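Heads up: the structure comes next, in structure tokens.
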Amino acid sequence: MVKIGSALIVDEANGTIRESWLDKIAEDVARVCARGQDVILVSSGAVAVGRHALNLQQETLSKGDRQAAAALGQMYLAKALSESFSRYRLPAAQVLLTLNDTTQRQRILNARAVLIKLLTFQTIPVLNENDAVASSIERFGDNDRLAARVARLAECDTLILLSNVAGLYSGDPFETSSANLIKEVHEVTPEIEGMAGGARSDHSSGGMVTKLAAARMALGAGINMVIADGRDMHPLSAIDEGKPCTWFLASAEARGARKRRIGATLKPTGVLVIDDAAVITLRSGEGLYPAGVISHHGEFGRGDSVVLQDIDGNECARGLVIHSATELRLLTQQPWLLCRSPCQIVHRDDLALVERPS
């Protein structure tokens, strides 16, 4: 999951959307999708765009003015996102949420279902808070926490927060040159919280405080999180290339709890029969690739839980599939696609191994 801050997508001097930068984000996302990964986007900026269009220059907006700005700005934002992603043949779908959509069980299931269905259709879900109608008790308050909550319900393995800073610093990098970038965080302690400042933009609701709140939620769910500089024209590529940023790394215990849930509480919707080499690969800590699948049964979609069996019918693992049954059928029936597709069927972080009997 990737979250874009308002200060990145909107030119605060004139309230316009930075379309050239947005095109580069779309190009980065297209590259990530091409290697078999799903991407959900959380985009801020609706209020910042809408307030300029309505000529609302006051520093603090009333509730009504903010709602009107959000409603109008969301239209501009959706249009720009759709046009950028369409250049890479990726349809973008808008999903507006309130806090209740991530706290009430039936709404959680509904939100998860629509996100999985959109990803199955190889669509980029673009999420934002429904500022136009949400009451004060229904609001997330910022898209950092929205992103963390949705990352949890969508079973994401990594949450990337793109900001106007390179990560978490020991002090405010805008005020002191002695502030050092913190490259790894394993727990959000009071000391880490003390390094956070406030939001630096009148048009943004976030800041390092909200990013650390998001990190706490992500780590608790076994999800790794990154705070990275989004001002690069290719910020996702920059992360891949090792540009300095702050990684919040989930503990083995938190990741293990997630794996236990995958293995014990999720109802499988299909079965993958895998060869002996694939079994050995799984037990060595790697994921499952298309070449290791002999056959599969059931009509599962992306993100569904499946059972992995060896050729003798013994269950060796359970996991969340990256590809739907239809996509997997194409990969296994047309060998030339395997040569072109290095993507995995089940990522190692989404696998729960079944212990062999002694």
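In table form, for the structure just shown:
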| quantity | calculated |
| --- | --- |
| Among the residues listed as THR103, THR120, THR176, the single one being over 19 Å from the mean Cα position of the chain (by Cα), at pLDDT below 90 and in the same structural domain as ASP232 (by TED's automatic domain parsing) | THR176 |
| Residue satisfying all of: in the stretch 58-92; under 26 Å from VAL29 (Cβ atoms) and surrounded by fewer than 16 Cβ atoms within 10 Å (Cβ to Cβ); nearest to the chain's Cα centre (by Cα) among these | PRO91 |
| Contacts under 9 angstrom Cβ, first residue in the stretch 294-310 being touching a residue at least 40 places away in the same chain (Cβ under 8 Å), partner aromatic (Phe, Trp, Tyr), 6 or more apart | VAL306/PHE300 |
| Subset of the stretch 234-267 that is over 22 Å from VAL188 (Cα atoms) and among the polar types (S, T, N, Q) - its residue that is surrounded by the fewest Cβ atoms within 10 Å (Cβ to Cβ) | THR265 |
| Filter pass, ALA196 being touching a Gly at 6+ places or on another chain (Cβ under 8 Å) and assigned to a loop (DSSP other than H, G, I, E, B) | yes |
| Check on GLY313, at pLDDT 85 or above and on the phi > 0 side of the Ramachandran plot | yes |
| Residues of the stretch 47-80 that turn out to be at pLDDT 90 or above and of a type in the set (Asp, Glu), as a count | 1 |
| Residue check, LEU56 in the same structural domain as THR210 (by TED's automatic domain parsing) and under 30 Å from TYR289 (Cβ atoms) | no |
| Residue list for the stretch 107-120, filter: in contact (Cβ under 8 Å) with a residue 40 or more places away in the chain, surrounded by 16 or more Cβ atoms within 10 Å (Cβ to Cβ) and of a type outside the set (A, V, I, L, M, F, W, C) | ARG112, THR120 |
| Residue among ALA218, ALA278 that alone is in the same structural domain as ASP38 (by TED's automatic domain parsing), buried (at least 18 other Cβ atoms within 10 Å of the Cβ) and not in a loop (DSSP other than H, G, I, E, B) | ALA218 |
| Residues within the stretch 231-266 that are outside any loop (DSSP other than H, G, I, E, B), at pLDDT 90 or above and among the small types (Gly, Ala, Ser), tallied | 2 |
| ASN100, sole failed condition from (1) touching a strand residue (DSSP E or B) at 6+ places or on another chain (Cβ under 9 Å); (2) under 21 Å from ARG66 (Cα atoms) | (1) |
| Some residue of the stretch 296-315 being buried (at least 16 other Cβ atoms within 10 Å of the Cβ) and acidic (Asp, Glu) | yes |
| Members of the stretch 17-37 that are at pLDDT below 90 and surrounded by 15 or more Cβ atoms within 10 Å (Cβ to Cβ) | GLY36, GLN37 |
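Rundown of residues vs (1) more than 24 Å from ASP144 (Cβ to Cβ); (2) in contact with a strand residue (DSSP E or B) (Cβ under 8 Å, 6 or more places away or on another chain); (3) acidic (Asp, Glu), yes/no style:
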site: LEU236; (1), (2), (3): no, yes, no
site: ALA254; (1), (2), (3): no, no, no
site: ILE280; (1), (2), (3): yes, no, no
site: GLY287; (1), (2), (3): yes, yes, no
site: ALA291; (1), (2), (3): yes, no, no
site: SER305; (1), (2), (3): yes, yes, no
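The values are calculated or read from the model by the stated rules, or taken from the named source; none is laboratory data. The structure displayed is predicted, hence computed values, not measured ones. Methodologically, a virtual Cβ is constructed for each residue, glycine included, from the backbone with ideal geometry; neighbour enumeration extends over all protein chains shown.
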